[in-house]
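Have a look at the structure below before the remarks.
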Amino acid sequence: MRIFYAILLSALSFGLIFILDHPLGALPALGRLLDPINGCLANAEPTNIDFNQSIKLPTLQGATTVWLDEQMIPHIHASTEHDLYFVEGYLHASFRLWQIDMETRAAAGRVSEVIGDKTLAYDRKQRRKGMVYAAENSLKAMEANPETKLMMDAYTAGINYYISGLTYKDLPLEYKLMGFKPEPWTNLKIALLLKYMADDLTGATDDMAQTYLREILSPEQLKSWYPDKVEGSSSVIPAGTIFDKPSLSTPTHPADSLVFPHYLSSDFGEPKVEGKGSNNWVVSGSHTASGAPILCNDPHLGLNLPSIWYTCQLQAPGLNVFGVSLPGTPGIIIGFNDSLSWGCTNNYRDVKDFYEINPVKENPNKYWFNGGQVDFTKRVETIVVKGKPDVVDTVYYTLHGPLMYDQNYKSKDGLQRPLAMCWMGHKATNELLAISHMCKAQNYNQFVEAIMNFQCPAQNIAYADRAGNIAIWGQGQFVNKWKDQGKYVMEGFDSTTLWKELIPMHENPHVLNPAQGYLASANECVTDSTYPYWYNGGFTEIRAWRINQMLAGMNKATIKDMFAMQNDTHSLLAEKALPILLSNLNNVQDEYVEKLKNWNHNLTLETKEGTLFQIWWRMFYLDIWYRDKMRNIPDNAMPLPERTMQLLIAKNLPVPKKYQTPAGVESDLRNLITINYHRAVDSLKKLETNKSEEWYMAKNTTLSHLTKLPAFSFDHLKVGGWGNTINATKDNHGPSWRMVVQMGKEIEAYGVYPGGQSGNPGSKYYNDLLQSWVDGNYFKLNFLPNTEKQDDKNIRYTINFQKQ
Amino acid sequence: MRFFLTILIIALVSAIGEMIFPWWIIGIVSLLAGMLAGLKPGKSFLAGFLAIGIFWLVAALCHDLPNDHILSQRMAILLFKKPTYPLFLLVIAIIGGLVGGLCSLTGAYIRGISK
């Protein structure tokens, strides 16, 4: 009997340990996780942690020092660039290892490997887009250049040095929760991360939706509802700027019937993630109180934790730069050095086109081109899926690019016609070289030469220097297109539709020291119609109008004024559209109307009128455009809100049939507006019963951990604003970094981002900057001189790296 | 006396063991201690339970207190949807205790076979 118990108990003990040592469904291995020595509690960082330490390394070329200041911003001082980027890699890994691992997995379509088949569709899409192909192409260019090769090798070695010293106990918490381990870092991962950003910023497309709209709308409707340039656009390059004579002539537009296929059925666009945008502006010294130019930038990205940015200062001989780095890549992306400053917004010129491919019926390995048969290049994509067999997908490449959609991979609504994607991101570009040279540039000319390497994602790069210059460039690599080339899906059957010459990058739209004394970009149209090259793109105007309106009235701008502008929640959309909506109400006399009439059109965090307006506008907007055959296109391929507003002002909005009355168009519009008003008030009343009628409650801005786990995320942040205000804080994206730099004799710089320098949810530095960001406050950035010793009072810890 | 000594030895040896081995070393230590201690089954279970339970609780507090409960609150939200970190710490102690107790009890029964 005792033997029986002994065996039974042994089995039970072994079983209990076995279960606790293995993941159970979605649950991680609990024994490993809860073990207070090596498990999750090992990631509970003491709040008074002392980061002072000395690290001896055989691979360093000299001594390197890192000073950490009060916001945990590292100031790295190295004697060579190799050491600088090695230590930058080391620090990125120390504070953000899991994040950069996941982001590069997300880029490459390798998420299922660690999550399971939930993310299989996502991974497959990444493979279909040719993300790894894109990264491999750029990697070749980056490794062929000795400068970027050195940067990447040193940076990768720094990350790998950190990884090599890790035991289970030291792994970031998320590895323990998800049950996997970091793999060695590679230069390819740097390229993947840059392509991830390129895809995020230039990957959205409305080509399919536009092709369909072209079929279902009359040419007049198309022109009125979807203008190439919105009337009154306050373009990035101010109207009236004289452009250089183009070196290339615009190619002739082939007959539409020859180049655009006809799509008659249903929706087949990949829904575009709406609302990514950014602001930057520069004010010349003639318009500032100090007499020195001021540069401001707030790039809007997904609001995630760990934060997308990591602030740092880099110092080496001939290099002293401060700003935000993108963990996973060396260098500083947005910032300033001892001579000049720069900030980026997305340019939105279309650099991604689709071609319909005609496969040879008898031979699936070939497609028709210029009357002959051409071989597809096949790329076999093996997607490893956690807990399931591998999934293999063969992606066919044409001379345009990968077949994104075909009979094996339908677009959302079942479109089966094979479409190849042609994307600037697939080209062998070397943005890292641009980043490296921007960091080192000492004057305008050097800076301009630096950004000639910034090809994709195209950015509006604002510039201000201590010599008093301000400038802006609509920078990126663009194609000399014929009118409407790539606006719609094109037939890819012959060379007529191919991308041909590249526009020399010096001919990109730019302006230096304009008479108006300021420059701004907020994803609006890049130029007026005098720019000699044709382009289209996903431009939005409302924020740009507001920024220009504010800057135009400023003569003695101060840094504080800039803070106020970045946090401005005034909605021009509401200011212009609301009075018209109100004046078109049929016999409505309630308290809400009175409140709306007295509202100042600011989307402050606690406004209730703002909530009502936003709901009303949204319902009204959808009611106008979700009509007839347009129901089939994605939400974000609808006409722009600013265009809708203009059509409303011009009394030129198409009112859907259901609102039409014998009394005529004006009465129809009143009907539409009134009915949606009542619906909006009902919605507001519902929100009131849940006590969530205040704007911040209604919109629920959330800073989400990349796993989406609420435990590591922060919701209902008390911030105002929306996509139609300068402070474009929406539900899940918004200002990912706010920076204001005054380029005087002394550089005075301020910055803040939502989150914290540490990616560890068990650290107090995980979200210690968040409240300041929410409140619209800034931290003064301690720009240290390029010296070996520092006595700045804000330095808290020193890490000494020594050559062994 | 032997009971308390067993608790002390299991806790100490496990603590040293966890510096080198993964968490399941606590099971092996408890099992061996259960075999060697010669306690009655009930007491053997209790000794293992208390030894590992206390060891894990103390170890957890050593991380949690200097951390101002930042991590334990987030883990509590993750597991129980509420930031009740004491519950999280208690669960750690109980799970560790169960492993220790069960293994120590097994050890006592294995010792019994040879008698």
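The values are calculated or read from the model by the stated rules, or taken from the named source; none is laboratory data. Keep in mind that this is a model prediction, so the values were computed, not measured. FYI the Cβ positions are ideal-geometry reconstructions off the backbone, even for glycines, and counts take in every protein chain you see. Side chains are part of the model used for accessible areas, which takes the heavy atoms of the whole protein and leaves out ligands, DNA and RNA. Shrake-Rupley method; radii C 1.70, N 1.55, O 1.52, S 1.80 Å.
The C-beta contact set for segment B:87-106 (first residue more than 7 Å from chain A (Cβ to nearest Cβ), second residue open to solvent by 30 Å² or more (accessible area, probe 1.4 Å) and in a helix (DSSP H, G or I), distance under 6 angstrom, 6+ apart or interchain) comprises B:93/B:57; B:97/B:49; B:100/B:49; B:101/B:45; B:101/B:49. Out of A:698, A:711, one residue alone is touching a helix residue (DSSP H, G or I) at 6+ places or on another chain (Cβ under 6 Å), among the small types (Gly, Ala, Ser) and over 25 Å from residue A:45 (Cα atoms). It is A:698.
Of all residues in segment A:578-592, how many are more than 18 Å from residue A:669 (Cα to Cα) and in contact (Cβ under 8 Å) with a residue 12 or more places away in the chain?
Total satisfying the criteria: 2.
Kindly indicate whether any position in segment A:24-45 is small (Gly, Ala, Ser), part of a helix (DSSP H, G or I) and within 11 Å of chain B (Cβ to nearest Cβ).
yes
Cβ separations smaller than 9 Å between residues 6+ apart or across chains give the following pairs from segment A:407-428 residues that are at negative phi and of a type in the set (Asp, Glu) to residues that are buried (at least 17 other Cβ atoms within 10 Å of the Cβ) and modelled with pLDDT under 70: A:413/A:267; A:413/A:268; A:413/A:269. For segment B:69-86, the candidate set comprises residues that are open to solvent by 50 Å² or more (accessible area, probe 1.4 Å) and touching a residue at least 12 places away in the same chain (Cβ under 8 Å); within that set, the residue that is nearest to residue A:32 (Cα to Cα) is B:79.
Select from segment A:172-192 the residues that are touching a residue at least 40 places away in the same chain (Cβ under 8 Å) and in contact with a Phe, Trp or Tyr (Cβ under 9 Å, 6 or more places away or on another chain) and list them in ascending order. Please lay out each step first, then the result.
Narrowing segment A:172-192 to residues touching a residue at least 40 places away in the same chain (Cβ under 8 Å): A:172-180, A:182-183, A:185, A:187-192.
Passing the criteria: A:172, A:173, A:174, A:175, A:176, A:178, A:182, A:185, A:187, A:190.
Answer with yes or no whether residue A:507 is of a type in the set (Asp, Glu) and within 21 Å of the chain's Cα centre (by Cα). So residue A:507 fails the test. Whether a residue is within 9 Å of chain A (Cβ to nearest Cβ) and surrounded by fewer than 19 Cβ atoms within 10 Å (Cβ to Cβ) was assessed, and residue B:66 passes this test. When segment A:646-667 is filtered for residues that are under 14 Å from residue A:584 (Cα atoms) and open to solvent by less than 10 Å² (accessible area, probe 1.4 Å), only A:648 remains. Looking at segment A:392-475, the strands (runs of 3 or more DSSP E) lying wholly inside it that each contain 2 or more residues that are within 24 Å of residue A:486 (Cβ to Cβ), at pLDDT 95 or above and not acidic (Asp, Glu) sit at A:419-423, A:459-465, A:470-475. When residues in segment B:69-80 are screened for being among the basic types (Lys, Arg) and more than 8 Å from chain A (Cβ to nearest Cβ), 0 of them pass. Against the numbered list (1) surrounded by fewer than 23 Cβ atoms within 10 Å (Cβ to Cβ); (2) under 21 Å from residue A:388 (Cβ atoms); (3) in contact (Cβ under 8 Å) with a residue 40 or more places away in the chain, residue A:150 comes up short only at (2). Does segment A:88-106 contain any residue that is in a loop (DSSP other than H, G, I, E, B) and either touching a helix residue (DSSP H, G or I) at 6+ places or on another chain (Cβ under 6 Å) or away from chain B (no Cβ under 14 Å) (or both)? No, segment A:88-106 contains no residue that is in a loop (DSSP other than H, G, I, E, B) and either touching a helix residue (DSSP H, G or I) at 6+ places or on another chain (Cβ under 6 Å) or away from chain B (no Cβ under 14 Å) (or both).
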